[in-house]
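What follows is a short report on a single structure.
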Amino acid sequence: MNKTFKAIVAVCLALLLGMTIVFASVLILPSQFDHLYLGELADKYARLRSFDDENKIVIIGGSSVAFGIKSPMIEQNLGIPAVNFGLYGPLGTAIMMDLTRGHIHEGDIVVLAPETDHQTMSMYFNGEGMWNCCDSDFTMLFKIRPHDWGEMLGSFWTYAQKKFQFYLYGKPNPDGVYDHDSFDEYGDIIFTRTQPIMDEWYDTEVLVDLTPDIVDQDYIDYVNDYIDYCERQGAQVFFSWPPMNALAVQQDLDGILAYATFIRENFHCQIISDITDYIMAPGYFYDTNYHVTDRGVIEHTARLIQDLQDFIGDGSLVNIEIPAPPVAENAGVSGEPLAPGMAPGAMPLPQGRNSANVGMLPPPGMVPGVMPDANDGSDAAAAETEADPEPTPVPTPEAVGSSRDAQYFTYEAFNEGLMITGVNDDGKALSELEIPWLIDGQKVVAIGQNAFDGCDELRVIRIQSNISRIMQSAFDGAPRLTEIHIDNDAGANILIPGTGLFDNTPGRLKVYVPKSSFGSFLADYFWGNYNDRLESE
């Protein structure tokens, strides 16, 4: 018995020693995530700390803050530096508040502006994402609550494995908006975003749901505790809204205002913004219903400046030129963007502003006291009066890939190509399917929802580089699916839902990508949420 006990102790000590060596080795290695989007958090944290001895405005939220704030505009108009403290919704917004504790002081102003989404309005915490952030500044680890350390420890090995891989084979250096180099010294995204890149001018799969159901009670309690903390330090705390795409809002005006009332009644701070002011024209949004374009960031920042001016300034109107947005083809019959909750052809909401959260949706590009850019606006007006140009003939695409399995798929038109919508009975009997390059001479560019539903024998799917969009639930309904092979140079080339894509697929399903682009997939803003599924070929 004594020998058995000693053996168990020896094994435990050996394991503990091994874990300690691995842990120390990972921490000693130079940062491998500093070039990634999440690597920006260390810089944001450093900027926050740099103002410990002077007053500041700290705007806290997710990626809508990173995309939606121009800090120099705030400083120029309000005379106080701004700290853009928003980065990534899947990190959770609670950790962003945690990181500011100890750095909020008397005279500071804190603006809470989380996305209106259940993940950001909950106590959700992403351990692996946080390891990636802390890789550039491990002092942030001391800000993590004890409650979240179980998640941190559970995700350490995945983080360690990726860090060793990057160290041995080269760390990823992504190209595009989701890159550390897309930020300036203020923590604002400055990557050029001239117009929307979403197919329908809004994300049709992840809509804006303004209902109290998206807000967890423990999140309300936590936020109120944070508000109380800030006020004890002598700071003022305000609540504002993220920019929201009008086409994506699911509620009508009554539902929108009911949600705003719920927030006002449950949070212990002043709501300074009219929610309908932040439901903006679709032409202002880039690649999600919360990420704004270059024009949208001016619009959103101007609204926030005016709201802050009403509460901390003299209430005078700001004077900022705002470029009008492009007009979406699926807007209302007048050419104006649709009001929230309205169908094409429906009457738009009355126009107005700020009346104790009962204002209406204002005209696109307009903030009272904020002058629209006449040059940009004239382009949109001219588009309504000029005759439609003759359509440019679409050339027959070159068949650079395989179309061997084209006969097994059903499809429909999508953008300038085709979207896979299903598999016929002959295809459902197969164990392997390749998404074709062409069907009937037209290029296949997307995989639709439930495209493989009923494929009970399917085990392997091969996706070529012609695919640029995969819809939510695309792989549901294939109970034996274990392998998806993607032949593509970078994850950013395939737009996917940021959450839930593999929720209803077998747990053993893995997504295999080329070794040369493995790091790009891991670093991608959307694909990075599925790191546990990704494997290198």
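Relative contact order of the stretch 57-187: 26 percent, from C-alpha pairs under 8 Å at least 6 residues apart in sequence.
Can you grab the distance from the C-alpha centre of the stretch 441-484 to the C-alpha centre of the stretch 287-324, Å, no decimals? The stretch 441-484 and the stretch 287-324 have Cα centres spaced 41 Å from each other. Which of rounded, prolate, oblate describes the stretch 264-326, given a ≥ b ≥ c as roots of the alpha-carbon gyration tensor eigenvalues and a/c under 1.5 marking rounded, otherwise prolate only if a/b is larger than b/c? Oblate. All other residues whose Cβ lies under 11 angstrom from that of Leu257 are scored, Lys and Arg at +1 and Asp and Glu at -1, for a net of -2. Remark: the stretch 400-405, residue by residue, has Karplus-estimated 3J(HN,Hα) of 8, x, 7, 10, 4, 9 Hz, where x stands for each Gly or Pro and the curve is 6.51 cos²θ - 1.76 cosθ + 1.60 at θ = phi - 60°.
Scoring 238-250, 147-159, 468-480 by mean Cβ neighbours within 10 Å over their residues and listing the highest first yields 238-250, 468-480, 147-159. Apply the a/c threshold of 1.5 to the C-alpha gyration tensor of the stretch 81-226 and tell me whether it is rounded, prolate or oblate. Here the stretch 81-226 falls in the rounded category.
Of the GluC sites (Glu not before Pro) found in the stretch 45-108, those in coil by DSSP whose Cβ has at most 11 other Cβ atoms within 10 Å are Glu54, Glu106.
Excluding same-chain neighbours fewer than eight residues apart, the aspartates and glutamates reachable from Lys510 by a Cα-Cα span under 15 Å are Glu432, Asp476, Glu483, Asp487, Asp532, Glu535, Glu537. The spacing between the stretch 173-232 and the stretch 63-109, judged by their C-alpha centroids, is 12 Å. Cross-link check: pairs Lys44/Lys70; Lys163/Lys515; Lys143/Lys171; Lys162/Lys515 evaluated at a Cα-Cα cut-off of 22 Å; pairs beyond the cut-off: Lys143/Lys171. Here is the P(r) of the stretch 489-537: all C-alpha pair distances, binned every 10 Å from 0, give 29, 58, 13 in whole percents. Summarising the label geometry, the points placed 7 Å from Cα in the beta-carbon direction at Arg480 and Asn493 lie 3.1 nm from one another. As a fraction of the 1.4 Å probe accessible area of the stretch 406-496, surface on carbon and sulfur atoms comes out at 39 percent. Under 5 Å between amide H atoms, partner at least 5 residues away or on a different chain: which partners does Gly86 have, H built in plane at 1.01 Å? Sorted by chain and number, the residues that satisfy this are Gly61, Ala66. Per residue, the stretch 131-226 exposes 50 Å² of solvent-accessible protein surface, assessed with a 1.4 angstrom probe and all protein chains in place. As a calculated quantity, the FRET efficiency between Asn224 and Arg49 at R0 = 22 Å, using C-beta atoms, amounts to about 0.30. Rolling a 1.4 angstrom probe over the protein heavy atoms with all chains in place gives the stretch 452-534 an accessible area of 36 Å² per residue. Here the accessible area is traced with a 1.4 Å probe on the protein chains. For the stretch 164-285, carbon and sulfur cover 43 percent of it.
Per-residue 3J(HN,Hα) values for the stretch 312-324, derived from phi via the Karplus relation 6.51 cos²θ - 1.76 cosθ + 1.60 with θ = phi - 60°, read 10, x, 9, x, 6, 7, 7, 10, 10, 6, 10, x, 5 Hz in sequence order (x marks Gly and Pro). The trypsin sites (Lys or Arg not before Pro) of the stretch 81-172 meeting both criteria, a DSSP state outside H, G, I, E and B (loop) and at most 14 other C-beta atoms within 10 angstrom of the site's C-beta, are Arg101. Modelled spin-label separation between Leu430 and Phe311, with each label point placed 7 Å from Cα along the Cα-to-Cβ direction: 5.8 nm.
If R0 is taken as 45 Å, the Cβ-Cβ distance between Asp137 and Asp453 corresponds to a FRET efficiency of 0.50.
Amide H to amide H, with H built 1.01 Å from N, Phe238 comes under 5 Å of Val110, Val111, Leu112, counting only residues 5 or more places away or on other chains.
Annotation: amide H of Ile439 within the under-5 Å range of Val444, sequence separation 5 or more or interchain, hydrogens built in the peptide plane. Remark: the Glu106-Asp175 segment gains 20.8 nm on full extension, using 0.36 nm per residue and subtracting the alpha carbon distance. In order along the stretch 286-299, the Karplus-derived 3J(HN,Hα) couplings, from 6.51 cos²θ - 1.76 cosθ + 1.60 at θ = phi - 60°, round to 9, 10, 9, 6, 10, 9, 8, 7, 4, 6, x, 5, 5, 4 Hz, and Gly and Pro are given as x. Stretched out straight at 0.36 nm per residue, the stretch from Arg232 to Thr261 would grow longer than its current Cα-Cα span by 7.9 nm. Given points 7 Å out from each Cα along the Cα-Cβ axis, report the Gln76 to Met123 separation in nanometres with one decimal. Going from the Gln76 label point to the Met123 one covers 4.3 nm.
The values are calculated or read from the model by the stated rules, or taken from the named source; none is laboratory data. In this text the structure is predicted, and so the values were computed from the model without any measurement. For neighbour counting, all protein chains shown are included, and Cβ atoms are generated from backbone atoms with ideal geometry for every residue, glycine included. Remember, those area values only see protein heavy atoms, side chains included, never the ligands or the DNA or RNA. Shrake-Rupley method; radii C 1.70, N 1.55, O 1.52, S 1.80 Å.
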